[in-house]
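Note sheet for the following structure.
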Amino acid sequence: MSFNYLHLVGNAELIKQLNYAMIYRLIVQQAPISRIQLAEISQLAPASITKITRQLIKNELIKEVNTQQSTGGRPAVSIQAKFSHYQAIGIQLSRSHVTIELYDLGANSLALEIHPLTTFEQKLAQEYLIGLIEQFIQKKGKQIKHLVAISVVLPGLIDSVRGIIRYMPHIQVNAWYLAEILQKQFNVSIFLGNDIQSLALAESYFGSTQGVDDSILIRVHRGVGSGVIVNQQLLTNHNQSACEVGHIQVDPLGERCHCGNFGCLENRVVNKAIEHRARLMIKQGYVSKLTVEHCDINHICRHANQGDALAIKLIKDAGENLGRAIAIMVNIFNPQRIVLAGELTKSPEILLNAVTSSLNTQSLEELRKNLTITCSSLNDRSAIGAFALVQQALFNGSLLMALLDDKEQ
Ligand SMILES: [Zn+2]
């Protein structure tokens, strides 16, 4: 569930939360940092910094460290985050697998399990998921000292304020109150989010868009999804739909899409579409090292990298079509960075060149002159996106305040 200002009682409480959040974020991102520097950057009074850091130290969220001053004088006391005291579980519920990963508060993975997803009915999937989490907690008991959150990301539409899953492409869902159910079961903070949007957020916290204000992540897999970051915040709407770039028309004479339109991006660039075209072209006699039996997306990328003409053509075509949709997004959002994720990025050079060539003819020069396009540096199979929602709740203060022992604030 995302943080909602309306849940706070009174203005003083809100200001307190925002101040704690700001100081914690500064410490995480700029450590080691001194109290004096914190006061300067945050513009808070030194007395407030003393009070906030005392609380954060007491609750094991930060710690003091000695740093040698550059002038060689007495060691000065600085502050850095303490990540090891609390843990969070991140879960990626993909179309075929459940990835469960244990993290410390520094986004370090402590344990990882991947299980197949074989049940596609809400109630059964829920029982399966709860069972997997219970087993995981039991097995990793030694590493889990203070579990503070469980975060689940999945493809679909989510009412993140109330923690309800409205739609999933692979599980029959009828207003699935998963956040409430997990909260009752495990008694920790629960976060729910869309997998692609959460991955975009993870890139901005831990990956290739760190420190970048405006960025867009586009992931090509079974569909094409995207997450938009504006002013370092995830752009969300009422049901957390990821920008449906997959149904942008890139070819008016293209094949009919399941959405009813013709020539949608999805029909040209998703793994299955590329694999399907590869098979057709091989059957029609194109000379290639690929064979009808061995032409999944990983084969295609590998052969493209080794110079196979057909494989290169396929990746190039996907890149150019992706570039058409990206050009539209650049014209609308004017991001500083675009991050591509998915199997296609295993041929980074061919893909990026093709995307750039489309972009250069179809977007305003003024909007793309400071734009860089890269491939994701995160493993999109991990549950790092789920952990990003925990990080978000620490940085906006909602989870941070829940971790404070409030008797003495
Ligand atoms: Zn479509």
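Side notes on the structure shown:
- Couplings 3J(HN,Hα) for the stretch 53-65, derived from phi with the Karplus relation 6.51 cos²θ - 1.76 cosθ + 1.60 (θ = phi - 60°), are 5, 4, 4, 5, 5, 4, 9, 6, 9, 9, 8, 8, 9 Hz, where x marks Gly and Pro.
- DSSP bridge orientation in the stretch 210-375 - percent antiparallel, rounded to nearest 5: 50
- Convex hull volume of the stretch 127-185 per residue (C-alpha atoms, cubic angstrom): 95
- Lysine pairs in the stretch 210-375 with Cα atoms under 21 Å, if 8 or more residues apart or on separate chains: 12
- Acute angle (nearest 10 degrees) that the helix 195-206 long axis makes with the longest principal axis of the chain, alpha-carbon atoms: 60
- Remark: the stretch 320-327, residue by residue, has Karplus-estimated 3J(HN,Hα) of 5, 5, 4, x, 4, 5, 5, 4 Hz, where x stands for each Gly or Pro and the curve is 6.51 cos²θ - 1.76 cosθ + 1.60 at θ = phi - 60°.
- DSSP bridge orientation in the chain - percent antiparallel, rounded to nearest 5: 60
- Between Ile62 and Ile57, Lys82, the built amide H atoms are under 5 Å apart, and every one of these is 5 or more places off in sequence or on another chain.
- Seen against the Cα atoms of the chain and their longest principal axis, helix 11-30 is set at about 70 degrees.
- Here the simple spin-label model places points 7 Å from the Cα toward Cβ, and for Leu26 and Ser377 these points are separated by 2.5 nm.
- Tyr167 long-range amide H proximity, modeled H, under 5 Å: Leu157
- Placed amide H near Phe191: partners under 5 Å, 5+ positions off or other chain: Ile150, Ser151, Val152
- Fewest-first sequence of Phe191, Phe120, Phe387, Phe206 by Cβ atoms within 10 Å of each Cβ: Phe120, Phe206, Phe191, Phe387
- Cα gyration tensor category, rounded, prolate or oblate, for the stretch 210-375 with a/c compared to 1.5: prolate
- Modelled spin-label separation between Arg302 and Arg279, with each label point placed 7 Å from Cα along the Cα-to-Cβ direction: 1.9 nm.
- Under the Karplus curve 6.51 cos²θ - 1.76 cosθ + 1.60, θ = phi - 60°, whole-Hz ³J(HN,Hα) for the stretch 98-104, x wherever Gly or Pro sits: 10, 9, 10, 9, 9, 10, 8
- FRET efficiency, 1/(1 + (r/R0)^6) with R0 60 Å, evaluated for Asn108 and Asn334 via beta carbons: 0.95
- Whole-Å distance, taken between Cα centres, linking the stretch 329-381 and the stretch 120-162: 33
- The stretch 5-84 - Rg over Rh from alpha carbon coordinates, Kirkwood radius: 1.03
- For Cys259, Cys375, Cys301, the sequence from fewest to most other C-beta atoms within 10 Å is Cys259, Cys375, Cys301.
- Taking a quarter of the surface of the Cα convex hull of the chain gives a mean projected area of 24.1 nm².
- Taking a straight Cα-Cα cut-off under 18 Å and skipping sequence neighbours fewer than 8 places away in the same chain, the aspartates and glutamates within cross-link reach of Lys123 are Glu134, Glu180.
Read the figures in this text as sums done on the coordinates, not as results from a lab. All figures in this text were calculated on a predicted structure; none of them were measured in a lab. All Cβ positions, even for glycine, are placed from backbone atoms using ideal geometry, and neighbour counts span all protein chains on display.
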